[in-house]
Amino acid sequence: MSPESKPGWRQLARGAVIVEPGSAKQFKTGDWRTKKPILQESKCTNCLFCWIWCPEPAIMRGPKAVSFDYDHCKGCGICAVECPVHAITMVEEA
Amino acid sequence: MSIKKTQLVPMSGSEAIAKAAIQSNIDFISAYPITPQTIIVERLSDLVADGETKAKFVNVESEHSAMSACVGASLAGGRAFTATSSQGLALMHEVLYLASGLRCPIVMAVANRALSAPINIHGDHSDMMGSRDSGWIQLYVENGQEAYDWVLQAYRIAEDERVSLPFSVNMDGYVITHSVEPIALIDQDAISKFLPPRQALLKLDTEKPITIGTLTLPDFYTEFKRQQEEAMRNVPKAFAEVTRDFTQLSGRSYDRFLPYEIEDAKVAIVSLGSASGTVRWVARNLRKKGLPVGALKIALYRPFPHEEVGRMLEGLDVVIVLERAMSLGSHCGPLASDIVCSLYNRSEQPKVLDVIAGLGGRDLSPDSIEQIFRTGLGTTPSSTGLEMEFVGVRE
């Protein structure tokens, strides 16, 4: 969003209060990332260590393997370090 | 509302402040004792212990925590009160910005005192001037009665929907905090009608969750400061309405400033706080001798009444600013800085003489004020510009 398209001071809630719960979802932190986690699905045992460790949380659960929420993953790499079967690798962002 | 028969009670400024706070139907007090504010905290503790209020008193280990607790109570929708002075206010400094930025209508009494080093416990405006830009409404009272009246009025202005800002009631340490005066107390029922319980615009509520204290980055921070500036600009409107209602209640009237014989004066002293009464008294005596002097008390320091002050002062030959704080290394003290700013847009520019006097509780006696007036009268009327000088300093 360009600064001009953001709300002006008259529209904003007083004192920088956020009046709607759950608004953090709207804040896309994925563009902070310099390295991106990539999953090798065949290795994933769905143990969910990454899901527990992810501080965002940006690991999404699936029936057989996890996947990533790239809109919010900041690329910290904790998942890649913690994965016991080395199914996650960090690659440079394009 | 009819004015009830006035009950006069001998009280120190500190006792009057504590009484007014309790009569304001506060919900919450958190304060840490410091000279010369200690008696306010002692009296508040007494009144809580005696069951004269439903307010909760939270003991804390520092002023930083006292203000933090008040911010929490205010965000929960309560009416919060605190009092401090000097080093205590300095320790609160970072939390003062949270109170204003989070738009908490807290009222705080400040027993103005010099800042260390060298350590000094007496009256001086260095403490509040150090937090001048914290976004608080700042008002300086002249005596104990004003201190009492202003706590009551402060909540109405602070909590006004157009304002929603914290308010500091400043009173000179010792000269006001410890002087005993007859105080006209107002009947509790009348106060409760004038100042009903707080209706918070937005508060912590588990039924309606909100996020307070959010991070705002470069794309939003300026917008929230602009909101705060707008709130400050709305203060004069709320001030006029509240003081009008208060006059009906008490018979006493207040304005943001108090001019005295200024229309046809050639020399006037501008002052804050307790010295203002002495200045008017000396001005009256000099007027009797035919000297063209006047006075201007600034009551509301933030937001500063720039427009009105400029208009009142532009016709004078010499404006003397009585400064009880310094901005070391600057060309003048904080009050003179505002006065000169107020005069900048005016066609006529009087000479501004910034007089550093009354630091660290040094007495501003009628003799010393007369001497300052005579210095102004002896100044070449055609000269302009700004000069700063120390009065009564030993070489």
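The values are calculated or read from the model by the stated rules, or taken from the named source; none is laboratory data. Values in this document were obtained by computation on a predicted structure and should not be read as measured data. We place every Cβ from the backbone using ideal geometry, glycine too, and count neighbours over all the protein chains shown.
Across region B:338-355, the number of residues qualifying as surrounded by 20 or more Cβ atoms within 10 Å (Cβ to Cβ) and of a type in the set (S, T, Y) comes to 1.
The conditions of being out of contact with any His (no Cβ under 8 Å at 6 or more places or on another chain), polar (S, T, N, Q), in the same structural domain as B:A147 (by TED's automatic domain parsing) and in a helix (DSSP H, G or I) are met by B:Q227. For region B:232-240, the criterion of being assigned to a helix (DSSP H, G or I), within 14 Å of chain A (Cβ to nearest Cβ) and either among the hydrophobic types (A, V, I, L, M, F, W, C) or on the phi > 0 side of the Ramachandran plot (or both) is met by at least one residue. Screening region A:2-47 for residues that are more than 23 Å from A:G75 (Cβ to Cβ) and not in a loop (DSSP other than H, G, I, E, B) and picking the one that is modelled with the lowest pLDDT gives A:P3. Considering (1) closer than 30 Å to B:E161 by Cα; (2) part of a helix (DSSP H, G or I), the lone condition that A:W51 does not fulfil carries the number (1).
In region B:143-164, the qualifying residues are those that are out of contact with any Pro (no Cβ under 9 Å at 6 or more places or on another chain) and outside any helix (DSSP H, G or I), and the one that is nearest to B:R252 (Cα to Cα) is B:N143. Output the number of the condition that A:I88 fails; it satisfies all remaining conditions of (1) in contact with a strand residue (DSSP E or B) (Cβ under 8 Å, 6 or more places away or on another chain); (2) of a type in the set (A, V, I, L, M); (3) closer than 30 Å to B:E229 by Cβ. Condition (3) is where A:I88 drops out. None of B:I320, B:I298, B:I262 is under 30 Å from B:S192 (Cα atoms), crowded, with 18+ Cβ neighbours inside 10 Å, among the β-branched types (V, I, T) and not assigned by TED's automatic domain parsing to the domain that holds B:I157 except B:I298. Considering region A:8-25, the residues that are hydrophobic (A, V, I, L, M, F, W, C), at negative phi and facing chain B (nearest Cβ under 8 Å) include one that is surrounded by the fewest Cβ atoms within 10 Å (Cβ to Cβ), namely A:V19.
Here is a yes/no grid of residues against (1) under 22 Å from B:G173 (Cβ atoms); (2) within 16 Å of the chain's Cα centre (by Cα):
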residue	(1), (2)
B:P259	no, no
B:V270	yes, yes
B:S274	yes, yes
B:W281	yes, no
B:R284	no, no
B:G290	no, no
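A residue that is part of a loop (DSSP other than H, G, I, E, B) and over 22 Å from B:K297 (Cβ atoms) cannot be found anywhere in region B:361-377. Every listed requirement among (1) in contact with a Pro (Cβ under 9 Å, 6 or more places away or on another chain); (2) closer than 30 Å to A:V17 by Cβ is met by B:H178 save one, (2).
Within region B:162-176, if we keep just the residues that are closer than 12 Å to B:N143 by Cβ and of a type outside the set (V, I, T), the residue that is nearest to the other protein chains (Cβ to nearest Cβ) turns out to be B:M171. Here's a check for you: in region B:188-216, which residue that is surrounded by 15 or more Cβ atoms within 10 Å (Cβ to Cβ) and more than 14 Å from chain A (Cβ to nearest Cβ) is farthest from B:E161 (Cα to Cα)? The qualifying residue farthest from B:E161 (Cα to Cα) is B:A190.
Just one of B:Y140, B:Y155, B:Y148 is modelled with pLDDT of 95 or more and under 27 Å from B:E223 (Cα atoms); which is it? Among B:Y140, B:Y155, B:Y148, only B:Y155 is modelled with pLDDT of 95 or more and under 27 Å from B:E223 (Cα atoms). Applying the criterion of at least 3 residues that are modelled with pLDDT of 95 or more and in contact with a Gly (Cβ under 8 Å, 6 or more places away or on another chain) to the strands (runs of 3 or more DSSP E) found wholly in region B:256-346 leaves B:267-271, B:318-323.
Considering only residues that are modelled with pLDDT under 95 and at positive phi, look in region B:359-395 and name the one that is surrounded by the most Cβ atoms within 10 Å (Cβ to Cβ). Among them, the one singled out is B:G392.
Annotation: of all residues in region B:217-231 being within 7 Å of another protein chain (Cβ to nearest Cβ) and exposed (fewer than 15 other Cβ atoms within 10 Å of the Cβ), the one that is nearest to B:G78 (Cα to Cα) is B:R226.
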